[in-house]
Amino acid sequence: MAACLALASVTLVAGTTSGCGNGCADSSLDTPSARFDDDGALVFEVRLTSDGDPVEGATIGFYSLTRGEQGEGGHNIGSAETDEDGVARLVREQGLQDMAVPGQEVTGYQAAYAGLSTDDGDSYCEAREDGTVETP
């Protein structure tokens, strides 16, 4: 299961990753565009599934994707647990603030599931998916 635990937290890998082949069930993330609500908060809602069924009780990490003078990068911007529908929701009241260092611009986000067991004891493989951020 060690391979299931590998999650790039320093160097983000753009694109989609799912599965690890170590006896864990395949999983996938649906990452619609993050959007601004009426109060200016940035809302991320992603859905984790396995064979089309929602995965409850999984922690999803959210990472900014940035580009600029220093190349491409990003960093952790928060985490949220999936509910009974497999949806993890992160609300950033500060919007885009602190999602990029000076000289960088936010180009999107990445949602990542590290592939650990969920609250119900089931084991799911890691999943990672990029999403876009709507402009305010």
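The values are calculated or read from the model by the stated rules, or taken from the named source; none is laboratory data. It should be emphasised that the depicted structure is a prediction, and the values quoted were computed from it without experimental measurement. Note: ideal-geometry Cβ built from the backbone for every residue, glycine included; neighbour counts use all protein chains shown.
A few points about this structure:
- Here Val101 clears all of (1) closer than 11 Å to Val55 by Cβ; (2) in contact with a strand residue (DSSP E or B) (Cβ under 8 Å, 6 or more places away or on another chain) except the condition numbered (1).
- Every pair of residues 6+ apart whose Cβ atoms lie under 9 Å, when the first sits in the range 48-72 and is farther than 10 Å from Glu105 by Cα and touching a residue at least 60 places away in the same chain (Cβ under 8 Å) while the second is basic (Lys, Arg) and outside any loop (DSSP other than H, G, I, E, B): Val55/Arg47
- Hits in the range 102-136 - residues which are in contact with a Gly (Cβ under 8 Å, 6 or more places away or on another chain) and part of a loop (DSSP other than H, G, I, E, B): Gly103, Ala114, Thr118, Asp119, Asp120, Cys125, Glu126, Thr132, Pro136
- Per-region count, the range 34-47, residues under 12 Å from the mean Cα position of the chain (by Cα) and at pLDDT below 95: 0
- In the range 48-65, the residues that are within 15 Å of the chain's Cα centre (by Cα) and among the hydroxyl-bearing types (Ser, Thr, Tyr): Thr49, Thr59, Tyr63, Ser64
- Selection count where residues are surrounded by 19 or more Cβ atoms within 10 Å (Cβ to Cβ) and on the phi > 0 side of the Ramachandran plot, scope the range 41-83: 1
- Residues of the range 92-109 that turn out to be more than 14 Å from Tyr63 (Cβ to Cβ) and exposed (fewer than 14 other Cβ atoms within 10 Å of the Cβ), as a count: 6
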